[in-house]
Each structure stands twice: as structure tokens, then as C-alpha cells.
Ligand code: BMA
């Protein structure tokens, strides 16, 4: 397709991004790391499973915030570091959060963390209890001290994802209002803030679609990736089957200045449970995207996703390949293309 090969990632170079070439027989827009899952069962004495986790480059290596399911069943967030983003070393104790006065301020539980760098600060965003499922947030500069910020949204809400830069001067966050259980509905909304404390200008971004893989609900996944054609968003879409929910990965492009407008949205999933570690586990049939690494020089993207609520996997693509696939299967409708204000 004309011009697609020129699409650019707007991000720093990352020459040490994990990478494997696309297998010759692969017809899909994304392909799995051959040694998946990269994190197996019982990764720590007190943790039985790590999944739905987020990573970022840091200094010469990588850091991450990981959803660790303790042996009492409660999820908490664990810090990890790695030199290659494939082999991870975890702190044995969950992250201990403090408030802005340095006092302990620990959530009862915390799950599905995302990790985003905006300017010179790193933000972890997760789901936690605030009289029900709600969004928690903390900032850090050194990954030693994590300072809790005000809870951005009222309950019930999950899948909050911060954009990696301000847009029109404001911080911008996606989220997915929900109920307090295994929510059977859900659209992606967007909100803005001048100071990360007071949030407003709420807009609808996109909802479930008529395509069966995402006809129950959707939710934000990895932090949006800036390109010269818009924000590339990997999100999750869910279908209800007679054997329960199936989570796949979807992809869309949002307007760069007005990201409540969807420019293109892919009718097909770009990754769906097919491998044993995605189909079999604590919750079968789950591919749950939470982070990406990307390299501006090569256009390479490595997507980190939770597998069956039990493992972490990586899938690869390039910005041109995924953009071309989205355009070739574009199903954006007038609701998606609107500003999302009623
Ligand atoms: C969602 C979230 C995710 C989980 C998924 C599948 O509601 O709770 O953490 O991966 O369900 O169980």
C-alpha cells in the first residue's frame, strides 16, 4: 500500500528491543515470541502467577510492574528488572506505596498495572478497591519510592491507560467504566487533566462492535503509541461463549490531537488465544495486552500480554505491518469517528 512503509513511530530509538523475525508461514499481523511464555508459574515464593503486566525501558535495561497473584489469592504489584526484557528478576516483596507525606498508603489489592513515562516521571496505573473496582495511580522517579496520587475516577472503573505525553497541554487517560463484578458491558472513554488530580472533559472513544470477537465489551490495553498517522492503540475485546469470556487483542488508530476520534479500527482481532499458554490456565482463553516496547529506527513493536491469567507472553509486529492490516480491515463507523460528546 502506497506510503505505509513511510509510517513513523514517534519515540526514542530502542536498539535492544526484544525481537524475532516473522515466521515465513505466518499469515497474521502479529507473531509470538518462540520461547513464550516468558514468565512461568510460581515465579516467587509468595506468588503463584504473574500476568497482565507492563514494562518500559529504563537506563540501559528495562523495568516493569507485574501483577503477582499471591498464594492467598490477592493480586498485588511487584517490581521487576531485566537487562533484555525477556528474563526478569522480581523483588520478592510487593511494592509498598506511600502517600505524598511519606506515610504508608497500601491498596487492599492491585491488579492489571500499566506503566507510562510522561516527561521525566514514571506512572503506574492499576485497578484497586475503592468501595469497589476503581483506578489507582502512583508516580516514581527511581522505582524505589512509589507515591500514590489521588484516585482519578469514581468507582467502578478498570483498564485505565495514560497517554505518554500531554495533548493540548493536558494529561490524557483512557478508562473503562464497569461494574463491580465480571462486567458484561464496557466501552473505552477518555478524560483530561491539567494536574493529574482533577479529571474532566470526558468523551466516548469507542464501544464494543458487531464483530463477534469484541461484541460483549472492550477495554484499553497498552499505552497508546505515537505515530505520524495517529495514536496506535492495542486494546482487548471480549466475546461471551457457552464456556465463558474469550479475550483477544484489537488495534485501532486514534486522532493525534483529538484522540476521542477513532480514525481506523480493525474488524479482526490481531491476536487471539491459540497457544496452550493462552488457552489453558487459571482463566482459559485470555490474551490481555498491557504494554509495548517500540523502536523508532526499525519500526519494531513488542507487545506484552497476559496469557490465561497465568503467564506473560510477547508478540511482535512492525508499525507498518499493523497499520496496513488495520487499514485493510477498517470497520470504523460514524460513532467511532465522532468526538464522543453528547
Ligand atoms: C478482567 C480482568 C483481567 C483478567 C480478565 C480475565 O475482568 O480482571 O485482570 O485478565 O478479566 O479473567
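Overall shape: oblate for the stretch 6-46, with the ratio a/c of the largest to smallest alpha carbon gyration tensor axis at 1.5 or above and b/c at least equal to a/b. For the chain, the share of DSSP beta bridges that are antiparallel, to the nearest 5, is 95%. Helix-only estimate, please: 222 nm mean residue ellipticity of the chain, summing -39500 (n - 2.57) across DSSP H runs of length 4 or more and dividing by its residues, to the nearest 500. Taken over the chain, the calculation gives -1000 deg cm²/dmol. Can you say what percent of the DSSP beta bridges in the stretch 48-165, counting only those with both residues inside, are antiparallel? Round to 5. Just about 95 percent of them are antiparallel. The distance from the alpha carbon centre of the stretch 228-244 to that of the stretch 297-342 is 8 Å, rounded to a whole number. The residues 236, 76, when put in order of fewest to most other Cβ atoms within 10 Å, stand as 76, 236.
Short-range pairs are left out: with C-alpha atoms under 8 Å and at least six residues apart, the relative contact order of the chain is 19 percent. Between residue 48 and residue 104, the simple label model (points 7 Å from Cα in the Cβ direction) yields a spacing of 2.5 nm. Between rounded, prolate and oblate, where does the stretch 286-342 land on the alpha carbon gyration tensor, with a ≥ b ≥ c its root eigenvalues, rounded for a/c under 1.5, else prolate if a/b exceeds b/c? Oblate shape, in that a/c is at least 1.5 and b/c is the bigger or equal ratio.
Put in order of Cβ neighbour count within 10 Å, fewest first, the listed residues 14, 162 become 14, 162. Rank 72, 255, 187 by mean-square fluctuation in a GNM of the chain with C-alpha springs under 10 angstrom and give only the top-ranked residue. Most flexible of the set in this elastic network: 72. Reducing the stretch 266-294 and the stretch 50-117 to their Cα centroids gives an inter-centroid distance of 21 Å.
Assuming a ≥ b ≥ c are the square roots of the Cα gyration tensor eigenvalues, decide whether the stretch 90-193 counts as rounded (a/c under 1.5), prolate (otherwise, with a/b larger than b/c) or oblate. Oblate, because a/c is 1.5 or more while a/b does not exceed b/c. Averaging the sequence gap over all C-alpha pairs within less than 8 Å and six or more residues apart, then dividing by the number of residues, gives the stretch 1-123 a relative contact order of 19 percent.
Each peptide in 93-105, 127-139, 296-308 was scored by the mean count of other Cβ atoms within 10 Å over its residues; highest first, the order is 296-308, 127-139, 93-105.
Taking 250, 221, 73 in turn, the Gaussian network model of the chain (Cα-Cα springs below 10 Å) assigns the largest fluctuation to 73.
Per-residue packing, averaged as other Cβ atoms within 10 Å, sorts the ranges 259-266, 150-157 into the order 259-266, 150-157, beginning with the highest.
Regarding the chain, what whole-number volume in Å³ per residue does the convex hull of its Cα atoms give?
131
Normalised by the number of residues in the stretch 195-247, the average gap of Cα pairs under 8 Å and 6 or more apart makes the relative contact order 29 percent.
Considering only 182, 87, 329, the Gaussian network model of the chain with Cα springs below 10 Å gives its largest mean-square fluctuation to 182.
Only counting other Cβ atoms within 10 Å, I'd like 34, 258, 217 sorted with the fewest neighbours first.
34, 258, 217
None of the figures in this text is laboratory data; all of them are computed from the coordinates on show. Bear in mind that the values here come from a model prediction, so they are computed numbers and not experimental data. In this analysis, Cβ positions are derived from the backbone assuming ideal geometry, glycine residues included, and neighbour counts consider all displayed protein chains.
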